[in-house]
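Right, one structure below, let's go through it.
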Amino acid sequence: MEWYLPLIWALVIGFAVAMYVVLDGFDLGIGILFPFVDSDQERDQMMNTVAPFWDGNETWLVLGGAGLLVAFPVAYAILLPAFYLPVTLILLGLVLRGVSFEFRWIAKTSKYLWNFAFAGGSTVAAFMQGVIVGGMVSGIKVQGTQYAGGSFDWFTPFSLMCGFAMVTGYALLGATWLLMKTEGAVAEHARRHAMIALYAVLFFMAVVSLWTPLEHARIAERWFSLPNFLFFWPVPLVTAVLSFLCWYWLRKGNDFMPFWCAIALFFMGYSGLVISNFPYLVPPTLSVWDTAAVPASQLFALMGTLFMFPILIGYTVFIYWIFRGKVREGEGYH
Amino acid sequence: MDIDPLLLARIQFAFTITFHIIFPTFTIGLSAYIATLEVMWLWSGREHYHRLARFWTKIFAVSFAMGVVSGIVLSYQFGTNWSRFSEFAGNIVGPLMGYEVLTAFFLEATFLGIMLFGWDRVPKPLHVFACIAVAAGTLMSAFWILSANSWMQTPQGHAIQNGIAVPVDWLAIVFNPSFPYRFAHMTTAAYLTTSFVVLAVGARYMIAGKFFDEAKTMLRMGIGFAAIVAPLQLLIGDQHGLNTLKHQPIKIAAMEAHWDGSHPGALVLFAWPDEKNEKNLFEISIPKAASMILKHDPNALFPGLKSVPPQDRPPVKNVFFAFRVMVGIGLFMIGSAFFGIYLWWRRKLFQTRWYLWPMQHAWWIGFVAVIAGWLVTENGRQPWIVYGLQRTADAISPVAGGLVLSTLILYVAVYSIVFSMGIYYINRLIAKGPGADELAPDSGVPNRPLAAGVKQQ
């Protein structure tokens, strides 16, 4: 068996998930911040900053999901039943918030309902994504190649905490995005929200960093055994520096840098997850190789995927370039 | 909770996929229609083709978005509800569905944007080209998903290793025996369905006495197309049936409610299949006619339902009645298209209100026929999920029935809201009509499909 094919696919899916988290992260974050601003005027402006991008952002989620079925059918067949309810709630949350972009503009008297759908859908989707991450870290009960746990195994204090952590993380991404893309009242609110979200994110990062190794010996060993620790010690250090920079630039009134710091913080958290769990796709038992499709299937699908990747990335860059710059009040695509 | 997860999972999948199939059916047909309009516009230079193309593009945008949204749900349901199927068939069905997803993205990332928002930004021929590319792309998307479905009906090109289906010959998998027929039947159905929608909108404007040029064009194009394609579809369906008889004879037996294979099959016009006593009640039938259709010989035999034990039979009533709904609508389409041609020839088409009125309200019949057709083929495959290889009962995820039930309720609630809004919205676009507002976007280029319609409000 070609041992490198599953690794290539893990990279492809890992990249798609990272793209999704960053890109959809800030537009879900807008939804999370929706209830915390004063007027529908502000909400219009907030929505307009992400309106041209959101559906492109979500394509990365589909790519991640379809990729998992294509390349790691066993992992797909275990993870989705294990996170049945969270996955369903994410999908429905995304449907509701997605259509809110359009129906909110048509609605006249029922605008508040679509505000609610947008905020609720975004928050639920973000929360459940965190729950899934927490549930994966906690480990999944498997028998052979099927899920062997109960319907609510994911419902643990740790994974719920990860849910809240994800919501604050996306809120930070959303607020710093707004800071970069808007002016006036929206930007002022965003600056305040970003600061609060940053403190919350730091709190959760600290808790996760302590809680995970204490509860899971395998993760503690991964980080603190030698020589691993010699390679991994910069991760927390870089994270600390990035957090400080984010805080510093927020204080200084920089519009641009906090967003990139927030992305970098997410990237560090993601690396931490990968370090803790690699090569397991279904921790703590099944690796990328255990869950991989046969080489003939992985290769067949890889050809098309590698062809599409540059096009998708090019399209993403193009769209963000077209819609660069700040969105002012009353300005939009509607 | 002690609720049967299998039945609930089947209901849930049937519900979400039935909602989904409506939109691809329409977008496959509509993209081809828009491309045709654009070619005629380019060729003749007549402005009303342009107005029509722009009008339908707005409706296309909304439908495409609905199709994408409801499709995302499906791509995850294979895992949530059918994890054992995903494990068993993932090596084969996975890449095929992967290509379907990639094709859809490719479209969204390239030509769709030009088609929806490029009206005043790109040269005319490029826009025409983009429309043709989108029409071809939706066909490609259908190609992959129908290939995956056909493999589940007539699997080949695989081997079973450690209880899992693995690919041996991709060409044999993609072009499995029922695929060419299913592909032809479904794409023709999509075109035919759309032609009746176009026809209905033309009739609506004609009756209302507005958009006269556009209404005339839509009526002529709809009727002309349907008059050729509806009979053609009958022929394709017949060929598809012969293919099914060869590979899935029990599905045919259920479609014909043919119990006893030792007698020639009668063409059952109506009956109430009694599965317990293995016979038909209240049967009205033409003796030997089914044998004539299927074998081209009135005395030829074909397998009956009783040739397999009851647990290997599909749900006969579902297959039997759904098949009659589909064929009934097909025959109505042929009849009404021919009658339209007659009126056209007598130069009475635009005045005959008693013909236009029912046609105005018949926009949905194609969708019902498509759904009925899928009910026939999917129910007819039961009790197998992959015909002869894996039973549906063995394909289900290890999840509790209560969980499936609660998510089913959630799906029904959310879909009801979202899709009734969508249909209300499309209806509003139709009520406004072509050329209502052809202003270009004033700032930026919204790239979202739905925005193309909303923009015009």
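The values are calculated or read from the model by the stated rules, or taken from the named source; none is laboratory data. This is a predicted model, so every value here is computed, not measured. Counting neighbours? That spans all protein chains shown, and the Cβs are built from the backbone with ideal geometry, glycine included.
At a glance:
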{"item": "Residue count for region B:352-401, restricted to those that are touching a helix residue (DSSP H, G or I) at 6+ places or on another chain (Cβ under 9 Å) and part of a loop (DSSP other than H, G, I, E, B)", "result": "15"}
{"item": "Cβ pairs under 6 Å, 6+ apart, first in region B:393-415 and within 8 Å of another protein chain (Cβ to nearest Cβ), second part of a loop (DSSP other than H, G, I, E, B) and buried (at least 16 other Cβ atoms within 10 Å of the Cβ)", "result": "B:Ser397/B:Asn81; B:Ala400/A:Ser151; B:Leu403/A:Ser151"}
{"item": "Residue count, region B:363-411 (criterion: among the aliphatic types (A, V, I, L, M) and under 19 Å from B:Pro5 (Cβ atoms))", "result": "12"}
{"item": "Any chance B:Gln360 is touching a residue at least 60 places away in the same chain (Cβ under 8 Å), farther than 30 Å from B:Lys246 by Cα, in the same structural domain as B:Leu234 (by TED's automatic domain parsing) and of a type in the set (S, T, N, Q)", "result": "yes"}
{"item": "Residue count for region B:66-83, restricted to those that are farther than 18 Å from A:Leu85 by Cα and within 8 Å of chain A (Cβ to nearest Cβ)", "result": "2"}
{"item": "Failed condition for B:Phe179, given (1) among the aromatic types (Phe, Trp, Tyr); (2) buried (at least 21 other Cβ atoms within 10 Å of the Cβ); (3) farther than 30 Å from B:Ile92 by Cα", "result": "(3)"}
{"item": "Enumerated helices (runs of 4 or more DSSP H) restricted to region A:4-76, each holding at least 3 residues that are within 11 Å of chain B (Cβ to nearest Cβ) and in contact with a strand residue (DSSP E or B) (Cβ under 6 Å, 6 or more places away or on another chain)", "result": "none"}
{"item": "Condition met for A:Tyr199 (aromatic (Phe, Trp, Tyr) and touching a residue at least 12 places away in the same chain (Cβ under 8 Å))", "result": "no"}
{"item": "Sole residue being touching a Cys at 6+ places or on another chain (Cβ under 8 Å), crowded, with 20+ Cβ neighbours inside 10 Å and of a type in the set (A, V, I, L, M, F, W, C), chosen from A:Val95, A:Val131", "result": "A:Val131"}
{"item": "Any hit, region B:52-72, residues being assigned by TED's automatic domain parsing to the domain that holds B:Val412, free of Cβ contacts under 8 Å to residues at least 12 places away in the same chain and crowded, with 20+ Cβ neighbours inside 10 Å", "result": "yes"}
{"item": "Test set (1) assigned by TED's automatic domain parsing to the domain that holds B:Phe78; (2) buried (at least 18 other Cβ atoms within 10 Å of the Cβ) - B:Thr188 fails condition number", "result": "(1)"}
{"item": "Candidate set: region B:260-312, residues that are part of a helix (DSSP H, G or I) and hydroxyl-bearing (Ser, Thr, Tyr); chosen: the one nearest to the chain's Cα centre (by Cα)", "result": "B:Ser291"}
{"item": "Residue count, region B:207-219 (criterion: in a helix (DSSP H, G or I) and either touching a Leu at 6+ places or on another chain (Cβ under 6 Å) or crowded, with 23+ Cβ neighbours inside 10 Å (or both))", "result": "5"}
{"item": "Test: residue in region B:168-175 that is touching a Gly at 6+ places or on another chain (Cβ under 7 Å), within 14 Å of another protein chain (Cβ to nearest Cβ) and not in a helix (DSSP H, G or I)", "result": "yes"}
{"item": "Sole exception among (1) at negative phi; (2) touching a residue at least 24 places away in the same chain (Cβ under 8 Å) for B:Ile228, by number", "result": "(2)"}
{"item": "Count of residues meeting criterion [within 16 Å of A:Ile90 (Cα to Cα) and modelled with pLDDT of 85 or more] in region A:31-63", "result": "2"}
{"item": "Conditions (1) over 28 Å from B:Tyr355 (Cβ atoms); (2) of a type in the set (D, E, K, R); (3) in contact with a Gly (Cβ under 7 Å, 6 or more places away or on another chain); number of the one not met by B:Lys210", "result": "(1)"}
{"item": "Given (1) within 26 Å of A:Phe34 (Cβ to Cβ); (2) more than 8 Å from every other protein chain (Cβ to nearest Cβ); (3) touching a residue at least 60 places away in the same chain (Cβ under 8 Å), number of the condition A:Ala82 does not satisfy", "result": "(1)"}
{"item": "Qualifying residue in region B:22-41 (condition: assigned to a helix (DSSP H, G or I), β-branched (Val, Ile, Thr) and within 14 Å of chain A (Cβ to nearest Cβ))", "result": "no"}
{"item": "All helices (runs of 4 or more DSSP H) inside region A:170-238 with 3 or more residues being in contact with a Leu (Cβ under 7 Å, 6 or more places away or on another chain)", "result": "A:185-215"}
{"item": "Top-ranked residue of region A:138-163 - restricted to ones that are surrounded by 17 or more Cβ atoms within 10 Å (Cβ to Cβ) and of a type in the set (Phe, Trp, Tyr), ranked as farthest from the other protein chains (Cβ to nearest Cβ)", "result": "A:Phe158"}
{"item": "Condition broken by B:Ile160, with the remaining ones in (1) in contact (Cβ under 8 Å) with a residue 40 or more places away in the chain; (2) of a type in the set (A, V, I, L, M); (3) surrounded by 22 or more Cβ atoms within 10 Å (Cβ to Cβ) satisfied", "result": "(3)"}
{"item": "B:Arg204 being outside any loop (DSSP other than H, G, I, E, B), at pLDDT 90 or above, under 30 Å from B:Pro95 (Cβ atoms) and basic (Lys, Arg)", "result": "no"}
{"item": "Region A:88-102: number of residues that are aliphatic (A, V, I, L, M) and either over 16 Å from the mean Cα position of the chain (by Cα) or within 7 Å of another protein chain (Cβ to nearest Cβ) (or both)", "result": "5"}
{"item": "Residue check, A:Tyr280 within 12 Å of another protein chain (Cβ to nearest Cβ) and either buried (at least 17 other Cβ atoms within 10 Å of the Cβ) or under 23 Å from B:Phe88 (Cβ atoms) (or both)", "result": "no"}
{"item": "Residue in region B:99-122 that is of a type in the set (D, E, K, R) and at pLDDT 90 or above present", "result": "no"}
{"item": "Residue in region A:33-75 that is farthest from A:Val99 (Cα to Cα), counting only those that are under 20 Å from the mean Cα position of the chain (by Cα) and of a type in the set (D, E, K, R)", "result": "A:Glu58"}
{"item": "Qualifying position, being among the aromatic types (Phe, Trp, Tyr), part of a helix (DSSP H, G or I) and buried (at least 18 other Cβ atoms within 10 Å of the Cβ), among A:Tyr315, A:Tyr270", "result": "A:Tyr315"}
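Results for (1) outside the structural domain of B:Gly67 (by TED's automatic domain parsing); (2) in contact (Cβ under 8 Å) with a residue 24 or more places away in the chain; (3) β-branched (Val, Ile, Thr); (4) within 28 Å of B:Tyr342 (Cα to Cα), shown as yes or no for each residue.
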| residue | (1), (2), (3), (4) |
| --- | --- |
| B:Ser195 | yes, yes, no, yes |
| B:Val198 | yes, yes, yes, yes |
| B:Phe212 | yes, no, no, yes |
| B:Leu219 | yes, yes, no, yes |
